[in-house]
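K.L.:
Can you read through this structure? Questions will come right after.
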Amino acid sequence: MTSVPKPTRRNQKATKTACVKLASKITTHNAKCLRKCGRIALDPHHIVSGRSDRIVARMDAQIPLCRECHTWATGRPAEFNAWIEAIYPGRRRMLLAVVNVVGKMDWESIYDDLKIQAAKVGL
């Protein structure tokens, strides 16, 4: 039985970066701004801070926003959080719980899953 070599930290970092970029492309692919302003969504916005490895590439942790609405979301976090709770009840609390899970991320598997989702939307 051949063992699979353990990915180096550098490879893990590159795969994580690829995951984040692909998740962002999927989120904004042919998307209109979720705030219903009618503009094309160019910016994915994380419902909970994107600094956590646990949610940075999760599709349910991002929403498509236009640049103006993305500026609003980052500049007025209390209003944004209330708006998110109104359209996705409980999602923010669920994501905050995910952030606190301990364990290593399997970026290769996450990337494979994202490639399948990308193919479904035509990317």
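Values in this text are rule-based calculations from the coordinates and carry no lab data. Predicted, not measured: the structure shown is a model, and the values here were computed from it.
K.L.:
Among the lysines, which have Cα under 16 Å from the Cα of K120 when same-chain residues fewer than 8 positions away are ignored?
P.N.:
K25
K.L.:
Then there's this: Translational D (Stokes-Einstein, µm²/s) of the chain at 20 °C and 1.002 mPa s when Rh comes from the Kirkwood sum over C-alpha pairs?
P.N.:
Estimated via Stokes-Einstein, D reaches 138 µm²/s.
K.L.:
Here is a further query. Run the helix sum for the chain: -39,500 (n - 2.57) per DSSP H stretch of 4+ residues, divided by residue count, reported at 222 nm to the nearest 500 deg cm²/dmol.
P.N.:
Theoretical 222 nm ellipticity from helices: -16000 deg cm²/dmol.
K.L.:
In whole Å and largest first, what semi-axes does the C-alpha gyration tensor of segment 8-67 yield when each eigenvalue is scaled by 5 and square-rooted?
P.N.:
Working through the eigenvalues yields semi-axes of 25, 11, 7 Å.
K.L.:
Scan around Q62 for amide H atoms under 5 Å from its own, H built in the peptide plane at 1.01 Å from N, and keep only partners 5 or more places away or cross-chain.
P.N.:
I47
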